[in-house]
1. If you check A118 against the conditions, is it hydrophobic (A, V, I, L, M, F, W, C) and part of a loop (DSSP other than H, G, I, E, B)?
2. Out of region 515-547, which residues are more than 25 Å from L64 (Cβ to Cβ) and more than 19 Å from the chain's Cα centre (by Cα)?
3. Could you count how many residues in region 526-555 are touching a Phe, Trp or Tyr at 6+ places or on another chain (Cβ under 8 Å) and within 14 Å of F59 (Cβ to Cβ)?
4. In region 592-614, is there at least one residue being in contact with a Gly (Cβ under 9 Å, 6 or more places away or on another chain), within 25 Å of R378 (Cα to Cα) and modelled with pLDDT under 95?
5. Restrict the check to region 225-240 and report whether at least one residue is in contact (Cβ under 8 Å) with a residue 40 or more places away in the chain and over 30 Å from D652 (Cβ atoms).
6. Give, as residue ranges, the strands (runs of 3 or more DSSP E) completely inside region 456-563 that count at least 3 residues that are at pLDDT 90 or above, outside the structural domain of K162 (by TED's automatic domain parsing) and within 30 Å of I430 (Cα to Cα).
7. Which ones in region 132-161 are outside any helix (DSSP H, G or I) and under 13 Å from I101 (Cβ atoms)?
8. Of everything in region 394-421 that's surrounded by fewer than 22 Cβ atoms within 10 Å (Cβ to Cβ) and of a type in the set (A, V, I, L, M), which residue is nearest to N371 (Cα to Cα)?
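The values are calculated or read from the model by the stated rules, or taken from the named source; none is laboratory data. Keep in mind the model is a prediction, meaning the values are calculated, not measured. FYI the Cβ positions are ideal-geometry reconstructions off the backbone, even for glycines, and counts take in every protein chain you see.
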Amino acid sequence: MRRCAWPLPRLAARAGLVLRHGGGAPPPRLAAAAALRPAASSSAAAGGGGSRAPDTSLFVPVPLKPADGAPGEDVGAELTRPLDKGEVLKSLNKFYKRKEIQRLGADNGLDARLFHQAFISFRKYIMESSSVSADLHIILNDICCDAGHVDDLFPFFLRHAKQIFPMLDCMDDLRKISDLRLPPNWYPEARAIQRKIIFHAGPTNSGKTYHAIQRFLSAKSGIYCGPLKLLAHEIFQKSNHANVPCDLVTGEERVYANEDARQATHIACTIEMCSTNTPYEVAVIDEIQMIRDPARGWAWTRALLGLCAEEIHVCGEAAAIELVTELMYTTGEEVEVRNYERLTPLTVLDYALESLDNLRPGDCIVCFSKNDIYSVSRQIEARGLECAVIYGSLPPGTKLEQAKKFNDPDDPCKILVATDAIGMGLNLCIKRIIFNSIIKPTINEKGEKEIDLITTSQALQISGRAGRYGSSFKQGEVTTMHRDDLAQLKEILSEPVRPVKAAGLHPTAEQIEMFAYHLPDATLSNLIDIFVSLSQVDGLYFVCNIDDFKFLADMIQHIPLNLRSRYVFCTAPLNRKEPFVCTTLLKFARQFSRNEPLTFDWLCRHTKWPLAPPKNIKELVHLEAVHDVFDLYLWLSYRFMDMFPDAVLVRDIQKKLDDIIQIGVCNITRLIRASQSTAASGAAVAVSEEFPLSRTKRDTRLMSDLQGAKSTVQLPTAMEAPEERRVKSLKAYRSAARREDLKTHGRGSLADRLLREGLLTQEMLRELESEWQVQHRNGRYGPSSKRDDQNSSKETGKKKK
């Protein structure tokens with residue numbers, strides 16, 4: 001017995017715990033709990049002390065290989081005897097079932113999930129190891145000989161648990177790193193000066209941004225921060241035309257006002273690119289309400305709290321005034337509010353358009369899907385009208401050309417078909433906004449897709465584009481395509497805009513690097529998950545959705561990259577729904593990891609440049625994806641200049657590609673017809689959803705999704721949840737729309753419906769009729785049809801028998 005017990009004092013000192021052994025009786029429960037319970041700080045780290053408990057489902061265990069000692073090196077067996085693995089297994093299972101052990105595990109940060117995972121790993125390690133450490137071997141032997149108690153295994157179990165879950169040992173440090181409760185303190189340069197905050201509040205077309213830009217132009221130095229490249233480019237042009245040298249800075253582009261590439265005193269940039277270290281006299285932050293955006297809100301928070309400017313001019317909806325005031329209160333800065341009214345009247349009409357035959361010059365039809373864009377533009381051109389087309393995935397140059405075409409009084413194009421991409425960034429001469437639908441798929445803060453009515457903020461932003469001040473239209477008008485939508489649109493526009501409640505935050509590369517120091521074996525995606533799980537924010541902030549980041553992190557996880565480079569690749573702006581763009585990023589990362597520069601020739605081979613004008617919609621969509629790939633190359637070239645060395649050449653071919661895409665968009669109706677012909681011949685069609693969609697099919701599908709409780713489907717991206725709607729009005733809207741759909745489905749012949757939808761003209765109908773009559777006279781459709789009928793009758797008779 002003495003030989004079995006001699007290592008115990010060393011074991012106790014090593015584990016920092018008091019152990020009781022000997023005899024078959026278990027140690028007193030109270031004594032064991034007092035001896036094995038950790039210090040108070042560890043208890044707080046495990047979820048006490050006011051901190052929320054971590055989501056342990058995110059803790060991925062580090063695999064430990066069983067110990068394979070060389071023959072003759074099993075010291076424990078020499079001191080005692082070889083272990084009986086059958087008896088050991090029984091003892092381990094008994095240990096697992098002990099309630100006292102489970103409570104001790106919880107005191108050390110092991111909830112039920114972690115405790116179970118740790119035990120499975122611990123048992124596997126012991127059972128599969130050819131030898132274990134001498135002290136563990138002796139304890140196991142004592143337990144099997146009834147000279148010890150299973151509770152004596154706990155320190156070894158806890159040590160093993162901390163090996164496979166290293167975050168248990170550093171929970172306090174991880175909580176400190178992920179503490180996001182004082183964002184103003186992240187920007188000491190901004191806190192070192194007394195800034196003046198001026199909030200320009202007003203609706204679309206009220207002149208709020210104009211007044212802020214006038215102050216920007218008159219300042220000795222300034223920076224403009226906008227949500228879109230188009231807006232930054234517009235301010236860049238205005239400044240230089242006003243003889244105020246201004247540089248353009250976006251994620252993909254640097255344009256210097258001075259020929260010697262010397263930095264100008266003024267900068268127009270996309271908001272993610274603003275510098276929080278450079279001092280300015282005036283800073284302008286546009287569209288401040290986007291501070292609540294679940295994906296990009298962090299950029300507005302960073303600019304508002306961190307810009308080093310004597311004056312910060314904030315432009316946006318009045319709904320953000322209260323939040324901005326509260327945020328500035330935490331920095332000790334006061335907010336001056338200047339309210340603006342709309343410069344031109346905006347009228348909601350009492351009648352819907354109902355038919356595309358009622359279109360007139362200056363009309364803009366707003367759709368919420370690309371498929372509806374295709375369908376509506378086809379119907380318009382079937383009526384002999386020319387229309388411009390603008391949607392989100394078009395390159396900026398193509399959007400500007402389409403806007404220029406629509407605005408040109410000498411151009412025959414007088415109708416615009418667009419998505420809500422026209423809500424900001426484009427100056428358009430629109431007389432009347434027509435909502436093709438008031439239903440829009442949105443993404444909530446959990447990353448789930450929801451189908452709901454548009455929000456008041458969205459409706460006002462889009463409607464406000466009608467009757468722009470200084471255009472040929474002195475008054476704006478708003479209506480809907482369908483009569484049933486009009487009453488609901490009026491209700492939406494009459495509701496107050498919901499106040500902005502919180503500002504977005506996002507973990508920085510430095511914070512993730514500190515996390516990785518403590519958790520070196522965790523993947524980047526897992527690091528982000530644990531960070532968000534442990535993060536603490538006060539009521540003025542929220543952590544932005546990081547699903548896109550995690551998607552890219554998982555996609556390139558197998559590629560050997562250092563953490564900083566991996567983080568940069570994961571923040572690349574791309575649409576993850578575009579497979580070609582995603583696979584290209586993967587190839588970029590793989591080539592980068594091999595330290596092989598991505599040259600112009602390599603990129604041309606990958607994208608098969610030069611490319612021809614598109615012949616159908618599928619080819620147009622692919623060209624848009626190639627344009628995104630060029631954008632991605634340029635974005636990476638400003639972060640890894642040595643590895644992406646040919647930015648100038650890529651920018652040149654991107655401009656050529658923009659021209660090719662413009663050709664395709666100008667001939668979009670022909671491309672639609674070609675795609676439909678391809679579909680009719682049985683080949684694959686190029687559009688992601690059903691194509692083309694009539695209003696009836698689309699609304700029927702959406703209405704069925706809206707029946708009963710709001711349906712949600714897990715998606716990776718996020719947008720803010722829609723505003724609360726009155727249940728009664730929404731139910732009435734749904735039922736009325738369903739009744740209308742039933743009427744539409746059951747009304748008229750196929751030819752009538754095709755004529756109404758613009759898919760068939762009277763001339764085409766006459767041609768089809770005469771062709772059918774000729775075929776009928778030749779007997780092509782006659783006798784064969786009779787034979788088919790007779791055959792089918794015989795088969796039916798056989799079945800009845």
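1. no
2. S535, Q536, V537, D538, G539, L540
3. The total comes to 4.
4. yes
5. No: region 225-240 contains no residue that is in contact (Cβ under 8 Å) with a residue 40 or more places away in the chain and over 30 Å from D652 (Cβ atoms).
6. Answer list for region 456-563: 476-480.
7. Matches in region 132-161: H149 only.
8. Here the answer is A421.
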